[in-house]
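Shown next, in structure tokens, is the structure this report addresses.
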Amino acid sequence: MTQHTAADSRSAHRICPFCEAACGLLVEHDGVHPLRVRGDEADVFSAGFLCPKAVALKELHEDADRLRSPLIKRDGVFVEASWDEAYAEIERRLLPIIARHGADAVATVLGNPVSHKMGLSLAFPRLARALGTRNMYSASSVDQVPKMLSVGLMFGSWLSVPVPDIERCDFLLILGANPMVSNGSLWTVPDYRGKAKALRARGGKIVVVDPRRSETAQAADAHHFIRPGADVFFLLGLAHTLCDEGLARPGRLAEHLAGLDQLRAALLPYAPEKMAARCGIAAATMRELARSLAGTERAAVYGRIGTCTQQYGTLCSWLIDVVNILSGHLDSEGGAMFPRAAAFAANTRGKPGTGRGVVSGRYRSRVSAAPEVAGELPLTCLSEEIDTPGPGQIKALIAIAANPVLSAPNGARLAAALDGLDFMLSLDIYLNETSRHADVILPGVSPLEDGHYDVSFTQFSHRNHARYSAPVLARPAGQPDEWDSMLRLAAIVQGHGCNADIAALDQAALEQEVAKAAGAAAPQVLAALAPLSGVERVLDLALRSGPYGDQFGAQPGGLTLAKIKAAPSGIDLGALAPRVPELLRTPSGKIELAPAALLADLARVAADLAAPAPTAPLVIIGRRQLRSNNSWMHNLPVLAKGAFRCTALLHPADAQRLGLADGARAEISNGARRIEAQVELSEEMMPGVVSLPHGWGHDLPGAKLGVAAERPGANLNALLDETLRDPLSGNAVLSGVAVQMRPL
Ligand SMILES: Nc1nc2c(c(=O)[nH]1)N[C@H]1C(S)=C(S)[C@@H](COP(=O)(O)OP(=O)(O)OC[C@H]3O[C@@H](n4cnc5c(=O)[nH]c(N)nc54)[C@H](O)[C@@H]3O)O[C@H]1N2
Ligand SMILES: Nc1nc2c(c(=O)[nH]1)N[C@H]1C(S)=C(S)[C@@H](COP(=O)(O)OP(=O)(O)OC[C@H]3O[C@@H](n4cnc5c(=O)[nH]c(N)nc54)[C@H](O)[C@@H]3O)O[C@H]1N2
Ligand code: SF4
Ligand SMILES: [Mo]
């Protein structure tokens, strides 16, 4: 079933693995090589849309630098090894560390592609259980963990994120997101451009709040510059106005809200007139936006990375949903609605309408005492946990599809720390800035060589759907898929040895999981799953017991993996429908509008307002680009070609003040940290703000990225400070950091 040959259809379906839009692709192939990639017009969700990155799937598959064999570092040099040798080396090196220093001495770090790879994301919990370490880190804490914390506190589970119902929305306010380029995030929305156009064509409006007149702003009805990091003042101004002007009308949700009076009281001090100077947006504009939101029947506020990666990330994330609720748009058609995913969503499991809620801070990081959130510690704490001696120090690291040396602030410190580890393992497809520090690298498979179901992104989709992609091409002989590699690691850690019978261990783990979930029905469930194996079995279990599932016969006609496989362009499960109170998993069974930790954090805002306004003449922000994806797609010629993109965008007035000309090379510095970048002048920028893409800086020795090294670009994160975090969520501050700039 998983093997295609030249005799098969020459065109196969694959969900794009590169970004959250998860477009359905058609890959033409000759049984061995991919020939051409195009959008699947029959796809029930993406309807043929694709962006230039998808085309690069072919080059990724063929990239000579992509690793095909495990590597073991011997005397400082990587040598190719067999899979058996690599697993044996891992066993030999890792187990003594655990025996000597305990479980917490091994850390894990997960990167963004984990959520795009079914095998990695579904197997990781098993590896984590085997390791039992508290030292778990991921890209989440340089990304969306503030939103996870705010929705967790409000709605009771970490991923209950409301998304704009864009196809029925008439007024969309976007902050700190550029879906025209990123194609959406915590909002799976292929072809944002087309949907935004349709919204405006039916008389709707889009307003964008961003320190740069981004591509999304250019395609909107209005754009307002905001001082980086100051969204909290703007959002407080909006929420205050809704209460102050009697516009708050939670409507149907009123009976499901807890804390409305406390919220109203907490918002009192934040009149837009007092916020304007801090955020750089006029009070009248804030009031008008609040009135438009309240006065439009179908409207939504959406915020993303710009609102998360700042010191008030959790407060901003919370206030966005507060405004959606007060203006009557949460859980309402055309507003901000909750997807109902076919599998794996915590908000479809257990008793509907109530639950245990979420708890954070169950433990803290050793050095900085940063709180755990959703079972993880902040990625910005990883270096200090490795390079600070003492009991509990990290001695070994397992990096899974992660490149924190480029993706996290102050990669130089992390790089030095990694060299001090007793052992490091990378599961990666490249020898790059992070994996070069590993002792063993296990290569992942090409996305064309494994099956896929979107475990994460179905939970954030603007429309419910279920799609599955079978492997397009066969794996090279001897290459395990990533699910198998992860299970073998778990087996090694559990002491079963590097030659353990993975299938038997998988069977035992599955039996345990089914026994827990199905109780007395477990034997029938196991029998029903028996024709499948590995990760597909886990997927079938989740689908069949999920909200649309066949419940193993109890709901005839319900979803099964077989049914989804039989529909290669996917199954549409309909437009989003209201889910409150069924979706809630808070102990109160209500939406918690005023969680204590968030109200307490407003004290920081109050203190900030009481202090003199910041005066830095120049602050830096990031910028995503269509032909780039975080740090790892710069080695693909079809994307790397064309004008050089890692430029520092600067307003002409700033350039003149600083003596910088268009195209000039400049030094950007933050204290002792310096990088060099090429200047590009643009009126798109808010004066006083410079924008540089992240994920560049491919000039570090020891990586094997031939194409990327030709135009390495500057590493924004080399400037940023790993000690700056949102105290509630531990998320990194990546936006609005003060820098200096001078000509070179
Ligand atoms: N300054 C600044 N920094 C940022 C951001 C920002 O906006 N500004 N954004 C942050 C965000 S949102 C994120 S998500 C992080 C991303 O941070 P990371 O996840 O650490 O970075 P990526 O660049 O996505 O690197 C992914 C790694 O996975 C490998 N890889 C790719 N595909 C596969 C695969 O199929 N299998 C395996 N095993 N490995 C694979 C790549 O080679 C690469 O090493 O960066 C963050 N850093
Ligand atoms: N082409 C491409 N697509 C991607 C990625 C990629 O690297 N390339 N990365 C993927 C990943 S991992 C993620 S998480 C998503 C992110 O998806 P988005 O959140 O849409 O990411 P960005 O395009 O970085 O947009 C962030 C916007 O916030 C603005 N901004 C910066 N600081 C502030 C601030 O303080 N306040 C406000 N209001 N705005 C601010 C920036 O100018 C920028 O326009 O994109 C995903 N998609
Ligand atoms: S928008 Fe994202 S998912 Fe769609 S083709 Fe481009 S990279 Fe792939
Ligand atoms: Mo991300």
>> Per-residue counts of other Cβ atoms within 10 Å, averaged by peptide: what ranking do you get for 65-77, 431-443, highest first?
In response: 431-443, 65-77
>> Given a 1.4 angstrom probe, what's the average accessible area per residue across the chain, in square angstrom?
In response: 35
> Long-range amide H contacts for GLU680: which residues qualify at under 5 Å (H placed 1.01 Å from N, peptide plane, sequence gap of 5 or more or a different chain)?
Replying inline: ALA648, LEU649, LEU650, GLY663
>> Using the Karplus curve 6.51 cos²θ - 1.76 cosθ + 1.60 with θ = phi - 60°, what ³J(HN,Hα) values do you get for each residue of segment 610-620, in whole Hz, with x for Gly and Pro?
In response: 6, 8, x, 5, x, 10, 3, x, 8, 10, 10
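Report the calculated FRET efficiency for ALA643 and ALA47 (r = Cβ-Cβ distance, R0 = 22 Å), to the nearest 0.05.
Numbers: r = 30 Å, r/R0 = 1.38.
Efficiency, from the Cβ-Cβ distance: 0.15.
With viscosity set to 1.306 mPa s at 10 °C, what whole-number translational diffusion coefficient in µm²/s follows for segment 475-609 from Stokes-Einstein and a Kirkwood radius over Cα pairs? All intermediate terms of the calculation are to be shown ahead of the outcome.
Values: Rh = 19.0 Å.
In µm²/s, the coefficient rounds to 83.
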>> Between segment 93-171 and segment 339-409, what is the separation of their alpha carbon centroids in Å?
In response: 6
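Could you sort TYR430, TYR548 by accessible area so the largest value comes first, with the probe set to 1.4 Å? Please report the intermediate quantities before stating the final value.
Working: TYR430 5, TYR548 45 Å².
Ranking TYR430, TYR548 by accessible area, largest first, yields TYR548, TYR430.
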> For segment 461-535 and segment 227-301, what is the separation of their C-alpha centers, rounded to whole Å?
Replying inline: 47
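Just need the Rg to Rh number for segment 83-196, please, alpha carbons only, Kirkwood Rh.
Numbers: Rg = 19.5 Å, Rh = 17.5 Å.
With Rh from the inverse mean 1/r over Cα pairs, Rg/Rh is 1.11.
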> For segment 615-743, what is the Kirkwood hydrodynamic radius in Å, using each pair of distinct C-alpha atoms?
Replying inline: 15.3
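Quick one: dipole size for the chain, taken about the Cα centre, charges +1 on Lys/Arg Cβ and -1 on Asp/Glu Cβ, in debye to the nearest 20. Spell out each step's value before the answer.
Values: 73 positive and 77 negative charges, 202 e Å.
Here the size comes out at about 980 debye.
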> Which loop trypsin sites (Lys or Arg not before Pro) in segment 612-670, with loop taken from DSSP, have no more than 13 other Cβ atoms within 10 angstrom of their Cβ?
Replying inline: LYS641
> If only Cα atoms are counted, what is the Rg of segment 1-144, and what is its Dmax, in Å?
Replying inline: 19.5, 56
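Hey, any idea what % of segment 615-743's accessible area is carbon plus sulfur with a 1.4 Å probe? Display every interim value, and only then the final one.
Values: 2770 of 5050 Å².
Reported share for carbon and sulfur atoms: 55 percent.
With the full set of protein chains in place, find how many percent of the accessible area of segment 527-572 is carbon and sulfur; take the probe as 1.4 Å.
Details: 1080 of 1870 Å².
The C+S portion of the solvent-accessible surface of segment 527-572 is 58 percent.
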> Long-range amide H contacts for ARG674: which residues qualify at under 5 Å (H placed 1.01 Å from N, peptide plane, sequence gap of 5 or more or a different chain)?
Replying inline: none
>> I'd like to compare 150-156, 470-476, 181-187: which one has the highest average count of other Cβ atoms within 10 Å, and what's the full order after that?
In response: 150-156, 181-187, 470-476
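Please find the FRET efficiency linking ALA530 to ALA477, where r is the Cβ-Cβ separation and R0 is fixed at 35 Å, and quote it to the nearest 0.05.
Details: r = 27 Å, r/R0 = 0.77.
It comes to 0.85.
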>> Using a 7 Å offset from the Cα along the Cα-to-Cβ direction at both ALA517 and ARG129, what is the distance between the two label points in nm, to one decimal?
In response: 1.2
> Probe 1.4 Å, all protein chains in place: accessible area of SER569 in Å², nearest 10?
Replying inline: 20
> At what distance in angstrom do the alpha carbon centres of segment 8-38 and segment 675-744 lie from each other?
Replying inline: 33
> Where a Cα-Cα gap under 19 Å defines reach, which lysines qualify for LYS395, not counting those fewer than 8 residues away within the same chain?
Replying inline: LYS73
> Can you list the HN-Hα couplings for segment 498-507, worked out from phi with the Karplus curve (6.51, -1.76, 1.60; θ = phi - 60°), rounded to whole Hz and with x for Gly and Pro?
Replying inline: 6, 10, 4, 7, 4, 4, 5, 5, 4, 4
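Please compute the contact order of the chain in relative form: average sequence separation of alpha-carbon pairs under 8 Å and at least six residues apart, divided by the residue count, as a percent. Each step should come with its number before you reach the end.
Working: 1698 pairs, mean separation 150.1, N = 744.
Contact order relative to length: 20 percent.
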>> I need the phi-derived Karplus couplings for segment 419-432: 6.51 cos²θ - 1.76 cosθ + 1.60, θ = phi - 60°, integer Hz, Gly and Pro marked x.
In response: 5, x, 6, 6, 7, 9, 10, 10, 9, 8, 9, 10, 8, 10
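In this model, which of LYS195/LYS590; LYS197/LYS565; LYS147/LYS590; LYS53/LYS641 are farther than 21 Å apart at the alpha-carbon? Walk me through the intermediate numbers first.
On the way: LYS195/LYS590 33 Å; LYS197/LYS565 33 Å; LYS147/LYS590 18 Å; LYS53/LYS641 12 Å.
The answer is LYS195/LYS590; LYS197/LYS565.
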> Around THR188, which amide H atoms from residues at least 5 apart in sequence, or from another chain, sit under 5 Å from its own amide H, with H modelled in the peptide plane?
Replying inline: PHE460, SER461, HIS462
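What fraction of the Cα pairs in segment 65-140, stated in percent, has a spacing above 16 angstrom? All intermediate terms of the calculation are to be shown ahead of the outcome.
On the way: 1835 of 2850 pairs.
In whole percent, the long-distance tail amounts to 64.
Averaging over every viewing direction, what projected area does the convex hull of the Cα atoms of the chain cover, in nm²?
Working: hull surface 119.8 nm².
Projected area, direction-averaged: 29.9 nm².
Tell me, what is a quarter of the convex hull surface for the C-alpha atoms of segment 179-295, in nm² with one decimal? Please list the in-between numbers first.
Numbers: hull surface 33.7 nm².
Mean orientational projected area (segment 179-295, Cα hull): 8.4 nm².
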> Per the helix-only calculation at 222 nm, which mean residue ellipticity applies to the chain, given -39500 (n - 2.57) for every DSSP H run of n ≥ 4 and division by its residues, nearest 500 deg cm²/dmol?
Replying inline: -9000 deg cm²/dmol
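The values are calculated or read from the model by the stated rules, or taken from the named source; none is laboratory data. All values derive from a computational prediction rather than experimental measurement. Every residue, glycine among them, receives a Cβ derived from its backbone with ideal geometry; neighbour counts consider all protein chains shown. Please note that ligands, DNA and RNA were not included when accessible areas were found on the heavy atoms of the full protein model with its side chains. Shrake-Rupley method; radii C 1.70, N 1.55, O 1.52, S 1.80 Å.
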